[in-house]
Structures are given as structure tokens and as C-alpha cells.
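**Student:** The structure that follows is given in the form of C-alpha cells.
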2 protein chains.
Amino acid sequence: MKKTFLLAALFFSGVTLTAQSKDEQMFKEIYKSSLTNSKCYSWLDHLSNNIGSRLSGSENAQKAVLYTKAQLETLGLDKVYLQEVMVPKWVRGEKETAYIMDNKAKTSVPICALGGSIATSKNGLAAEVIEVQTIAELNTLGDKIKGKIVFFNRPMEQELIETFKSYGGCVDQRYAGAKEAAKFGAVGTIVRSMNLRLDDFPHTGNQSYGDLPESKYIPTAAISTNGAELLSKSLKSNSKLKFYFKQSCKQMEDVLSYNVIGELKGSEHPEKIIVVGGHLDSWDLADGSHDDGAGVVQSMEAVNIFKNLGYKPKNTIRVVLFMNEENGGKGGKKYEEVAQLNKENHIFALESDSGGFTPRGFNFESDDANFKRIEGWKNLFEPYLIHSFTKGHGGSDIDALTSKKIVKAGLKPDSQRYFDYHHAANDTFDAINKRELELGAATMASLLYLIDQNGIIE
Amino acid sequence: MKKTFLLAALFFSGVTLTAQSKDEQMFKEIYKSSLTNSKCYSWLDHLSNNIGSRLSGSENAQKAVLYTKAQLETLGLDKVYLQEVMVPKWVRGEKETAYIMDNKAKTSVPICALGGSIATSKNGLAAEVIEVQTIAELNTLGDKIKGKIVFFNRPMEQELIETFKSYGGCVDQRYAGAKEAAKFGAVGTIVRSMNLRLDDFPHTGNQSYGDLPESKYIPTAAISTNGAELLSKSLKSNSKLKFYFKQSCKQMEDVLSYNVIGELKGSEHPEKIIVVGGHLDSWDLADGSHDDGAGVVQSMEAVNIFKNLGYKPKNTIRVVLFMNEENGGKGGKKYEEVAQLNKENHIFALESDSGGFTPRGFNFESDDANFKRIEGWKNLFEPYLIHSFTKGHGGSDIDALTSKKIVKAGLKPDSQRYFDYHHAANDTFDAINKRELELGAATMASLLYLIDQNGIIE
């Protein structure tokens, strides 16, 4: 009602609106729609609390596919469909156990197997521990590593302002630590959780044995930051202590899963495609409300906002809920493969996969000309406290996407709390603030609107 | 160690540093000190978890005075002292009870007495309810109000981006609702909590009977947002239902309390004073970690950072922990009174009283010349994701402060979550993120540094 009234008022006002004031008005409507009339918070409530964790290949991941498809179908889009993709299936099995065995004392510490890790033997694994800060340090230790558990304990750097930079500076220990330690004959690795806080949550995440032969695989797990501090301290007083851990995780056969796709067809350039998305899968320890339930429902909300406002895009806007970002990225790759087959032309892709916190800006993968033009739109965003337009990584689901000319972007929410929850058992719905989530969706819709109106410089 | 090395390196580098790079370096040191070597989080842990709620005149408020004074004394300041101030003492008494009595059904709803309210009679108060959205609406109802409980139910506006604006647009119901309703013969008032979420926490806060004679005072309480929704819905189906509530709160005699003050004496202009502060008192329902434990420990940390870095201010920097911001503002007024007596010259005052969330910028109470100069410093702050310099209210504790020429500022943290906790039982230490708190302290110290270096345009 209000929108109709507004458009009528503008029509009859007898003045020609400048482009600026038209955009300002659209931003206002977008944010208002999101803050007063959005569905994203209740969608996330369902995904998190009724479905739960959504590791690729799990029953819950399939439930999430069906639920989000059904919800997209209620929005009156032009097309909603599933895209088949084979995904890896890794299962954790029984809850892991671990102890520091210091002389007679046996102290339990919280660990979790890293995604893709093999199990220990049924009785677990006990060995002496060698603590290192970096993979480079392994090379200097050589034979000393043989038969040991390597303990990677380099903390995330506190003094970096953007926490994703601290993560980037640490995550090699988790991703490649086991592969590198195995080369020197280590029997297992334990990695300090990628967490800026001291707490008792171990943080899982993907790891890769790379091109090691299977016979060389060793079990690897993350330890909570408090556990890492304790282990390090204990090693200082007794370098001969043993660490015991037991895990029963397993890599299964790949299974069929799906990307979920919804489309608003472009009125002027239906052949030009704008993608907005997040990933449907999550790790298995929690419901993944921030990683990446938030990005999923924000992407859905972006098109919901356009429908609510009666906005008809010039280009085709496609919401894509990718499967398997966490441990394989198969959904993103499949999407690109199909796009190539269909000779599709993508001009823009926007991803939300950095949590549902207050939005602060975007990272852009863009040539200078487009970036400069986008920077010229900053004044439209500033009333909504969006200030940070930087060049940087768009997101891993849209990484694979190629096109004649494409600009990519990633939503940048406030990052201070993200690694409190990332891949850990506390990444749950109660850590989501409704307004922060909605502001993110509105910020995404606003950028999509500007790209849709102005296209990109090709 | 690192600092000494750095200064030596600069000294021997043979290049003259520009003012800009000297400031950039200082900002870097300040943020690093706060993120790697601060005391503010552990101070807040003690204030919140070992002491707890600190309503003016309470035993805990006195403990907080002694604790923060003792902590300031460990920092090697030039002077730490207490400033006497008489403060009101209001006590809640027994936990309140309230019911919606709809025919035979009796539904319990969460309420809390508003600060300064009188009690109901011992058996409580039951009356029919009249729902209004605004104080203005009362005037149109006149006699219909007599003998009723007035239910103020105007929600905070969701579509405003800055939540303090929504608060400002609503808080008259809480502050003046009882006084206005009493004029029309209401027997009590119930006010929707100042909260943007739907939940079960009633939010207290100050209210005033203004110049009503004491015989006309009526009891007033806040109801949780879920409770308000239920009451409103129930009234729609039965306008004759009754609301019952019982509270036993009481205004006592004023008691002696203190502002806590610590000082770094200026090396060039000791007579020019820069104030940084927050308020020591909190409401009684929780430990007040955000309101305003955060502001207290951030202000203390700002001077701690200067001591850690060996920074010797040109002007006198004074940390002031004000008493009684919540229900009287006596500490702020006393501070100004003493400053006038001593003919002190304050050039700048900075307050943190908007929660311990990620800092986004500052509000400035300033003339144009000083504001323009301060805006010129924005580029120094942007690497720390501080973007928002606006004209606006500095803070209520520094409101009273006058001087020949003074600039005032208030730290502006991200405001989206603030009213989830404000004056409610969930404003507790677990809602604080260590890094966010520390970033706020560093942002405050950075501004204090620039003001100290450059003075103000007098």
C-alpha cells in the first residue's frame, strides 16, 4: 500500500527526480522492507532449530535443500530448481576423547577431528608431543618428529584489526599440518583452534592430505584454545608427557546433493545474470547459524525484498544456495560447469559467507574502472553505516565462476565475534541478532539494485 | 622492549618523520597495546562477576568505588582520589509480580518497577487497562483514564538504523508516562520495555513524577516486549480485562557516595584538563557490563595505554568514574560544581556510555572550527574501521560540564545489540566481547592523544 502511494506521489509531484534521489528512495525502501517485513530471521530459525547442522551428504543437508527450495517457491520467482552435484560425505562418528598424560595425571581436553581426517585406531593413539609454531619449523626438526604427535600451536594474531586476516595467517596449520607432519613420520597432529578467545570449544574445519598416498594418512584434530594453552604449559614442565586421542571419523562414498537456485528474470537483459548466494552446508558440530545459515537467508531475503517492493530487475537475478562449501567446494564448481555448458553470461556475483553480524561494507574482486564507479556509490550507503569498500576476496563459492567480464563481491560484516563461533559447537541461532541479519540482507539488496540499474563496465 | 627498539630505530633512521607518520605510529602502538596488553576485560570481569549490580547508594556501588580507586592506584598515575557526592537511594525490594486477569484466566507476565517509582499497596493493585501509544493520546482520553492502569505500548521504531534514535523516540513513555497519566487520575502505569527484540526481559530505567505532589504519585513498571504484545492482544479481545501488579520499591534518604578520579599531570599545560569517563553505577537487575561497566574500564584503559607506552601528555588527562548517572546524574553535576569552585579549565571531555560493542566513531559537541579539524583526522582512524564522526550528544555525565571553551565527545559503538541488554537482567559479562571492548578503549585513547597533541581551537 505504502509503496503504491509513494510511487503515485512521485508520479504526480511534477518534478523530475534526479538519479540520486531515486536511488536514495530505493535504498530507504529496501532497508525498511528488511527491518520491518523480512523473512530471513524466521527462515534461519527453521534452518537452525528445526533442521540443525547440515554437513554435506547428511540427511539434514537434504532437508535444508528441500526446505529452502519450498520457501523460494513461495516468493513468486520466475523459476526455482535444483542443480545436481556429487559431494563428499565425511562422518565424525563417536564424540572424540583426548587426554594429556603427564606422569600419572590424566587431564581431559576438548578436541574434535578435523574434516577429512582419518580415525585413530579403535583404542586411540598415544605418543609424545612436539610443539611447533609453523610448518616451516617442521623442516628444521626433521627426524625428531618421527613417531610423535605434532602440536601446531600458533595463535591467531590479536593485533590485526580484521580477524579474517588473523585467520588467513594461521589456517595453514589446520589445512596442511597433517600432510606436512606425515612426511616426517609423525603419527598424528593436534592443531590449536582458529579462535581469538580462550575458551573450551574446539573448532573443526577442512584439512587435506594433498597427494600423500593413503597409507601415509595420519589422524588430525583441533584442540580448544584453553586446551592448547594447557598442553603447551604442561610440555614446558614435562617434554616427555604423552597425548592420547581417539576419534572414529570416516570418509564415505560421494553422494548426490544439490545447489538450490531461484531466479527473477531480467526485463531488459535476461541473458545477463547477477548471482547472489551463500552456502547451505555447515559443519556438523552446530547448526551453523553464522556459517553460513546467515548468508543463505540473506540471499533469499534479497530477492524477497525485490518482490515485496515490486522491483522488476533489468537483468536476471539468481539466488544460488551452494552445497559443500566447507569440505570440497563442489557446489560452486558445479555451478560454473553448468554455466559454461549453457554459455551463460554472468556480470556480477555477490556472496555472504562471513557471518550474520552488522554489515560494514564489501570486498570487491573487480577491475579498476568498475571499482572506481562502485566507490562513487558509497555516499548512498553511508546513511546505513556502510563505509568500507575494499578490494579483496569475494567468496569461495563464487571463486570458480568465470565469464566474459564479471565483478565479484563479498559482504563484509563486523568480524570481531566471527571466530568466537566459526566451525564450533556454539555457532547457534542464539548468537544471531535479528536486526544485524536484516541489515546485512538490505545492504546486499542495495548493491544488487545498483548493479542491476547500472550494469557493469564491460 | 619493542617500543624502545622502535623509538631507537626511528631516531637513527636519519629521516624526519612527518606529523602524519608520527600519529600513524602512535595509533598503531595504542591499538596494539589495547589488543595485546590491556587490563580492561579483567577489570570488567571483576566489576561484573565479583561485585555485580551497582545501583547508587548500594553496598556494591561502594565496593566498585573502592575497587576502581585501588586499580587506578596501581597504574602509577600522578593522583588518584575520591570526590564526595550525595546520591539518591532507591531500592526495589521484593521481586515484582504481575498478571493479566482475563475472566477466570490469570496469566503471569514479567515486569519490573521503574526506578524512582513508588510501591503498590501490599496486596498489589488491580484495575482495568487503557492502552495508549503516546502521551499526547492521554489528553484526548481525559476522564476515561480515571481509575485505570494506563498501558503505554509504543514500540521502538525498527526502521531507524541507529537504535539510540529509536530509543529517543520512545523513552518519554517511560520517563514521564506516570506523571502525565496521574494527572488524569490513573492508578498506575505499565510501559512497554525499551527493547527492539521480542523477549521476556523487562527493562527498567529512570522515571520522574516531576512536580506532582507526593500524594498524587502512582506506581509504574515496565513490562517485557512479549508481555506487552500479549497484553495488547488480550485487550483487543476483552477490553474489560484487569491487570494486576505488585511491587514494594522505595525511595530512601540520600546517601554519601563518590566519583573516582585519577590524573596524569600535563607536562606543558597542566592547567588544561582533558576528561575521559564513564559511570560506575548501574541498574540493579544485572551487573551492568554494557551500561556502563564497559565505559568505566575503557576510560581506565585509556590512561593505562598511555602509561604502558610511556606517553607523557602535554595537558592533564583525568579519568573520572561518575556516580549516579542512572537515576539523578548527581556525580556529573558534582564534578562540574567542584571544577567551577577550583576555576578549572576543561578543554575536552570524552564519555563512553553506549555499550562495549565494536566502536564505529564518535559524536561531537563542538563548534564548526574544531569539528572540521577533527574531521581532518578521520584518515588516521579508518585503518581501525572507525568511520563515523558526527555532531551529536557527548554523554550525560559530561553534560553539566562548562568551561571557557570545551569540545565534548561520546564514543559511538555499534548500536544494534545495545537495547537487547539495556537496563535488563541480561546486561551481563557474557554479552561482552573482549576484542570489541579493547578496540573501544584504543579508539578513545587515540582521540585523546590527538586532542592532547593538538589542543583545541580556543
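The values are calculated or read from the model by the stated rules, or taken from the named source; none is laboratory data. All values derive from a computational prediction rather than experimental measurement. A quick note on method: Cβ atoms are made from the backbone with ideal geometry, for glycine too, and the neighbour counts reach across all protein chains shown. Keep in mind that these areas ignore ligands, DNA and RNA; they rest on the heavy atoms of the full protein, side chains included. Shrake-Rupley method; radii C 1.70, N 1.55, O 1.52, S 1.80 Å.
**Student:** Quick check on the range A:100-114: of everything there that is modelled with pLDDT of 95 or more and outside any strand (DSSP E or B), which residue is most open to solvent (accessible area, probe 1.4 Å)?
**Tutor:** Among them, the one singled out is A:Pro110.
**Student:** Take A:Glu128 and decide whether it is of a type in the set (D, E, K, R), over 26 Å from A:Lys334 (Cα atoms) and either open to solvent by less than 50 Å² (accessible area, probe 1.4 Å) or not in a loop (DSSP other than H, G, I, E, B) (or both).
**Tutor:** For A:Glu128, the condition - of a type in the set (D, E, K, R), over 26 Å from A:Lys334 (Cα atoms) and either open to solvent by less than 50 Å² (accessible area, probe 1.4 Å) or not in a loop (DSSP other than H, G, I, E, B) (or both) - is met.
**Student:** While we're looking at this one, here's another question. Out of everything in the range A:168-198 that is open to solvent by 40 Å² or more (accessible area, probe 1.4 Å) and not in a loop (DSSP other than H, G, I, E, B), what residue ends up being nearest to the other protein chains (Cβ to nearest Cβ)?
**Tutor:** A:Gly168
**Student:** Run B:Ser396 past the list (1) in contact (Cβ under 8 Å) with a residue 60 or more places away in the chain; (2) more than 29 Å from A:Thr358 (Cα to Cα) and report the number of the one that doesn't hold.
**Tutor:** Answer for B:Ser396: the failing condition is (2).
**Student:** Provide a single number: the residues in the range B:250-283 that are buried (at least 24 other Cβ atoms within 10 Å of the Cβ) and part of a loop (DSSP other than H, G, I, E, B).
**Tutor:** The total comes to 4.
**Student:** Could you tell me how many of the residues in the range A:383-426 are buried (at least 18 other Cβ atoms within 10 Å of the Cβ), away from chain B (no Cβ under 14 Å) and not in a loop (DSSP other than H, G, I, E, B)?
**Tutor:** Residues in the range A:383-426 being buried (at least 18 other Cβ atoms within 10 Å of the Cβ), away from chain B (no Cβ under 14 Å) and not in a loop (DSSP other than H, G, I, E, B): 5 in total.
**Student:** Would you confirm whether any residue within the range B:83-96 is within 29 Å of B:Leu196 (Cβ to Cβ), within 14 Å of another protein chain (Cβ to nearest Cβ), out of contact with any strand residue (DSSP E or B) (no Cβ under 8 Å at 6 or more places or on another chain) and assigned to a loop (DSSP other than H, G, I, E, B)?
**Tutor:** Scanning the range B:83-96 turns up no residue that is within 29 Å of B:Leu196 (Cβ to Cβ), within 14 Å of another protein chain (Cβ to nearest Cβ), out of contact with any strand residue (DSSP E or B) (no Cβ under 8 Å at 6 or more places or on another chain) and assigned to a loop (DSSP other than H, G, I, E, B).
**Student:** For B:His346, which of the numbered conditions (1) within 14 Å of chain A (Cβ to nearest Cβ); (2) open to solvent by less than 10 Å² (accessible area, probe 1.4 Å); (3) of a type outside the set (S, T, N, Q) fails to hold?
**Tutor:** Result: B:His346 passes all but (1).
**Student:** Does A:Lys240 satisfy the condition of being touching a strand residue (DSSP E or B) at 6+ places or on another chain (Cβ under 7 Å) and not assigned by TED's automatic domain parsing to the domain that holds A:Leu196?
**Tutor:** When the stated conditions are applied, A:Lys240 does not pass them.
**Student:** Identify the single condition in (1) in contact with a helix residue (DSSP H, G or I) (Cβ under 6 Å, 6 or more places away or on another chain); (2) under 30 Å from B:Ser267 (Cβ atoms) that B:Pro110 does not satisfy, given that it satisfies every other one.
**Tutor:** Going through the list (1) in contact with a helix residue (DSSP H, G or I) (Cβ under 6 Å, 6 or more places away or on another chain); (2) under 30 Å from B:Ser267 (Cβ atoms), B:Pro110 breaks only (2).
**Student:** Name the residue, out of B:Asp78, B:Asp45, that is farther than 11 Å from B:Met323 by Cβ, modelled with pLDDT of 95 or more and surrounded by fewer than 16 Cβ atoms within 10 Å (Cβ to Cβ).
**Tutor:** Values: B:Asp45 fails: surrounded by fewer than 16 Cβ atoms within 10 Å (Cβ to Cβ).
Result: B:Asp78 is the single residue among B:Asp78, B:Asp45 that is farther than 11 Å from B:Met323 by Cβ, modelled with pLDDT of 95 or more and surrounded by fewer than 16 Cβ atoms within 10 Å (Cβ to Cβ).
**Student:** On the basis of being among the aromatic types (Phe, Trp, Tyr), in a strand (DSSP E or B) and within 14 Å of chain A (Cβ to nearest Cβ), does B:Phe362 make the cut?
**Tutor:** The answer is yes for B:Phe362.
**Student:** In this structure, does B:Asp452 turn out to be more than 14 Å from chain A (Cβ to nearest Cβ) and acidic (Asp, Glu)?
**Tutor:** It is true that B:Asp452 is more than 14 Å from chain A (Cβ to nearest Cβ) and acidic (Asp, Glu).
**Student:** Only one of these is within 16 Å of A:Ala119 (Cβ to Cβ), out of contact with any helix residue (DSSP H, G or I) (no Cβ under 6 Å at 6 or more places or on another chain) and in contact (Cβ under 8 Å) with a residue 40 or more places away in the chain: A:Thr189, A:Thr225, A:Thr220, A:Thr204. Name it. Write out each step before concluding.
**Tutor:** Numbers: A:Thr189 fails: out of contact with any helix residue (DSSP H, G or I) (no Cβ under 6 Å at 6 or more places or on another chain); A:Thr225 fails: within 16 Å of A:Ala119 (Cβ to Cβ); A:Thr220 fails: out of contact with any helix residue (DSSP H, G or I) (no Cβ under 6 Å at 6 or more places or on another chain).
The conditions single out A:Thr204.
**Student:** Which condition number in (1) of a type in the set (Ser, Thr, Tyr); (2) over 28 Å from B:Trp90 (Cα atoms); (3) surrounded by 19 or more Cβ atoms within 10 Å (Cβ to Cβ) is the one that B:Ser117 fails?
**Tutor:** Answer for B:Ser117: the failing condition is (2).
**Student:** Go through (1) in contact (Cβ under 8 Å) with a residue 12 or more places away in the chain; (2) more than 21 Å from B:Leu437 (Cα to Cα) and name the single condition B:Lys236 misses.
**Tutor:** Of (1) in contact (Cβ under 8 Å) with a residue 12 or more places away in the chain; (2) more than 21 Å from B:Leu437 (Cα to Cα), only one is false for B:Lys236: (1).
**Student:** Tell me which residues, restricted to the range B:437-458, are among the charged types (D, E, K, R), crowded, with 20+ Cβ neighbours inside 10 Å and out of contact with any helix residue (DSSP H, G or I) (no Cβ under 6 Å at 6 or more places or on another chain).
**Tutor:** Step one: list which residues in the range B:437-458 are among the charged types (D, E, K, R), which gives B:438, B:452, B:458.
The next check asks that each one be crowded, with 20+ Cβ neighbours inside 10 Å; those that pass are B:438, B:452.
Within the range B:437-458, just B:Asp452 meets the criteria.
**Student:** Can I ask one more? Of all residues in the range B:365-382, count the ones that are of a type outside the set (D, E, K, R) and within 14 Å of chain A (Cβ to nearest Cβ).
**Tutor:** Residues flagged as of a type outside the set (D, E, K, R) and within 14 Å of chain A (Cβ to nearest Cβ) within the range B:365-382 amount to 3.
**Student:** Taking only the range A:145-167 into account, find how many residues are more than 18 Å from the chain's Cα centre (by Cα) and more than 13 Å from chain B (Cβ to nearest Cβ).
**Tutor:** 10
**Student:** Take the range A:270-298 and flag every residue that is within 13 Å of A:Arg318 (Cβ to Cβ) and either more than 13 Å from the chain's Cα centre (by Cα) or of a type in the set (A, V, I, L, M, F, W, C) (or both).
**Tutor:** Scanning the range A:270-298 gives A:Pro270, A:Glu271, A:Lys272, A:Ile273, A:Ile274, A:Val275, A:Val276.
**Student:** Could you list, in sequence order, the residues of the range A:112-156 that are free of Cβ contacts under 8 Å to residues at least 24 places away in the same chain, farther than 12 Å from A:Pro219 by Cβ and out of contact with any Leu (no Cβ under 9 Å at 6 or more places or on another chain)?
**Tutor:** Selection gives A:Gln133, A:Ala136, A:Glu137, A:Asn139, A:Thr140, A:Lys144.
**Student:** Could you tell me which of the residues B:Ile30, B:Ile51 is at pLDDT 95 or above, surrounded by 14 or more Cβ atoms within 10 Å (Cβ to Cβ) and farther than 27 Å from B:Asp287 by Cα?
**Tutor:** Of the residues listed, the single one that is at pLDDT 95 or above, surrounded by 14 or more Cβ atoms within 10 Å (Cβ to Cβ) and farther than 27 Å from B:Asp287 by Cα is B:Ile30.
**Student:** Here is a further query. Could you list all residues from the range A:391-427 that are under 19 Å from B:Gly361 (Cα atoms) and out of contact with any helix residue (DSSP H, G or I) (no Cβ under 7 Å at 6 or more places or on another chain)? Before you say what the answer is, go through the steps one by one.
**Tutor:** Step one: list which residues in the range A:391-427 are under 19 Å from B:Gly361 (Cα atoms), which gives A:412-417.
Passing the criteria: A:Lys412, A:Asp414, A:Arg417.
**Student:** Here's a follow-up. Given the criteria of a type in the set (Ser, Thr, Tyr) and touching a helix residue (DSSP H, G or I) at 6+ places or on another chain (Cβ under 6 Å), does A:Ser33 qualify?
**Tutor:** Answer is yes for this residue.
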